[in-house]
Amino acid sequence: MNTGHDKQKKILEQMLQKKSMNHHAFIFTGPEYIGKYKIANQFVKSLSEGEDNCDWQEINQRVDSDITIIESLTEEKNGKVKQKNISVSQIREAVRIFHLSADKKAKIIIIKNAHKMTVGAQNALLKTLEEPPENAFLILTTSEISNLLETIVSRCFKISFNLLEKEELQRISNDEELIDNAMGRPELLQKIIADSEFSDWIKYSVEQLQGLAKSSMGEKIDLAEALSKKNKSDLDIFLQVWIWRIRKAAHKTKQYNLLKFASRVENVFHELHLNNVNTRLLLEDLFLNV
């Protein structure tokens, strides 16, 4: 299934077709659920096997001894699943693997959601970025490139992935409502189609936004309380739906004052990614000041 990003795919294939790669480190940056991680997997498979093109249609689930994926671990606390930061020890292990000889053509490390690396972990990666071993490649994927050290970003070739147009999402589905709920993100659309519970959560997010202005103070406080008990991934999606819908409404109706509200929701979204914040109080303040 062709899920867009044709320009980015062309750039990567042109690199593969050269006799030698000019870059050994890449950053794939763009919104969550945009498809960058899937494309990274297909790209590194071709690097590992020495191929000069990618089969973008393939869903690669095979284990490859030359491809190592580093990502944040999860922990459950108080009934909620939380993602931990990528630690120094994880990066040191990645660097150790990076310097081993490849079984095939190249050794590759993918760091998924690289913005989850601690500052110490990022610093532990710097020397390898400055002096990469031969036939070894490093791919970082991130939706928050501003959280990466500039010394990391400057040493990587950056490929940006953007939200897709409606016509591109129609390669996956022709359902207008599903496409609208996908917010320009192909992997989100696929998840909506495959997971009815996830689809219902997005519909719930839309309903809560539509009813917010008419909600009583007590209902707004109750909503903040209920959302504060959700897993971070659920809350992220909830707020992203709001940001997308509010901005879309602002441009459609030319009521550009709505963009201020969208910015407030986005600020709350980013604040919730910080440590030691009170989720319920942040949401209460947002809802009560509509």
Exercise. Does Lys260 satisfy the criteria of being in a helix (DSSP H, G or I), basic (Lys, Arg) and more than 23 Å from the chain's Cα centre (by Cα)?
Worked result: yes
For this session: Exactly one condition in (1) of a type outside the set (D, E, K, R); (2) buried (at least 17 other Cβ atoms within 10 Å of the Cβ); (3) touching a helix residue (DSSP H, G or I) at 6+ places or on another chain (Cβ under 8 Å) is not met by Trp244; state its number.
Result: (3)
For this session: Test each condition in (1) in a helix (DSSP H, G or I); (2) in contact (Cβ under 8 Å) with a residue 60 or more places away in the chain for Val268 and report the one that comes out false.
Result: (2)
Problem set entry | Candidates Thr128, Thr141 - the one that is assigned to a strand (DSSP E or B) and not charged (D, E, K, R) | Thr141
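Could you say which residue among Ile193, Ile221, Ile152, Ile172 is farther than 30 Å from Leu274 by Cβ and at pLDDT 95 or above?
Ile193
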Seminar exercise, completed: Flagged pairs (Cβ under 6 angstrom, 6 or more apart or on separate chains; first in segment 129-147, of a type in the set (Asp, Glu); second surrounded by 17 or more Cβ atoms within 10 Å (Cβ to Cβ)) are Glu144/His115
Problem set entry | Test: residue in segment 102-111 that is farther than 25 Å from Gln14 by Cβ and hydrophobic (A, V, I, L, M, F, W, C) | no
Seminar exercise, completed: From the option list Ser65, Ser89, Ser46, single residue qualifying as modelled with pLDDT under 85, in the same structural domain as Leu125 (by TED's automatic domain parsing) and more than 18 Å from the chain's Cα centre (by Cα) is Ser65
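Can you confirm whether Ala213 is at pLDDT 95 or above and either out of contact with any Asp or Glu (no Cβ under 8 Å at 6 or more places or on another chain) or surrounded by fewer than 12 Cβ atoms within 10 Å (Cβ to Cβ) (or both)? It would help to see each step written out before you state the result.
Details: at pLDDT 95 or above: no; either out of contact with any Asp or Glu (no Cβ under 8 Å at 6 or more places or on another chain) or surrounded by fewer than 12 Cβ atoms within 10 Å (Cβ to Cβ) (or both): yes.
No: the conditions fail for Ala213.
Helices (runs of 4 or more DSSP H) wholly in segment 167-256 with at least 2 residues that are among the aromatic types (Phe, Trp, Tyr) and free of Cβ contacts under 8 Å to residues at least 40 places away in the same chain - which ones? Before the answer, list the steps.
Working: elements: 176-181, 186-194, 196-211, 217-228, 232-253.
Fully inside segment 167-256 and qualifying: 196-211, 232-253.
Filter segment 69-106 for residues that are of a type in the set (A, V, I, L, M, F, W, C) and not in a helix (DSSP H, G or I) and give the result. Talk me through it step by step, then tell me what you get.
We begin by selecting, within segment 69-106, every residue of a type in the set (A, V, I, L, M, F, W, C); these are 69-70, 73, 81, 86, 88, 91, 94-95, 97-98, 100, 102, 106.
Residues satisfying the conditions are Ile69, Ile70, Leu73, Val81, Ile86, Leu100, Ala102, Ala106.
Please go through segment 184-197 and give me each residue that is farther than 19 Å from Lys166 by Cβ and crowded, with 16+ Cβ neighbours inside 10 Å, ordered by number.
none
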Seminar exercise, completed: Residue count, segment 144-175, condition closer than 13 Å to Asn123 by Cα and of a type outside the set (S, T, N, Q), comes to 6
Exercise. Among the numbered criteria (1) surrounded by fewer than 17 Cβ atoms within 10 Å (Cβ to Cβ); (2) of a type in the set (D, E, K, R); (3) assigned by TED's automatic domain parsing to the domain that holds Gly30; (4) in contact (Cβ under 8 Å) with a residue 60 or more places away in the chain, which single criterion is violated by Glu150?
Worked result: (4)
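The values are calculated or read from the model by the stated rules, or taken from the named source; none is laboratory data. Because the structure is a prediction, the values reported are computed rather than measured. Glycine also receives a Cβ, built like all others from the backbone with ideal geometry; neighbour counts cover every protein chain displayed.
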